[in-house]
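Rule-based calculations on the coordinates, nothing more; no lab input. This structure is a prediction, so every number in the text was calculated from the model and none was measured.
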Amino acid sequence: MKLLIIYADRFSYKTTLKTLESEDDRDEERTIENALVGFIHVEPQDEERGSAVETHLIKLLKWAARKNDTKRIVLHSFAHLAEEKGSPEFTKKLLNSAQERLVKSDYEAMQTPFGFFLDLHVDAPGHPLARIFKSI
């Protein structure tokens, strides 16, 4: 897994193009303020690692959220950080499970629409822990 974490004063998205036929059509636009956004690229080997990779992801997101003084976390499937991608089915399952675990830990966790290209707007401050990249 590759993970790009960006703390955003303001993060906005709008659905533009559906990329997975298995997903329902949707026209969605949303703005979230003071949020940690996890750009998550799931790789094929993550499917073998299962819950271990999910646990590591959650620990990193919680750590970064504390460092940026927020309880709001956005999970965004971002299949552009490595060449090989995990299956959409596993990726969606992992994101759903991670969101559920974050909510149980008193975080306001949400996801961007899965299986869509999105128009993105990210307003991020220029401080060291506002941008973090990790290979998990």
* To do: Note the per residue figure in Å³ for the convex hull of the C-alpha positions in segment 89-136.
  => 134 Å³
* How far is the Cα center of segment 1-41 from the Cα center of segment 69-136, in Å? -> 7 Å
* **Cα-derived Rg over Rh, computed across the chain with Rh taken as Kirkwood radius** => 0.93
* Restraint check, 59/104; 18/134; 18/67; 59/85, Cα-Cα greater than 25 Å -> 18/134; 18/67
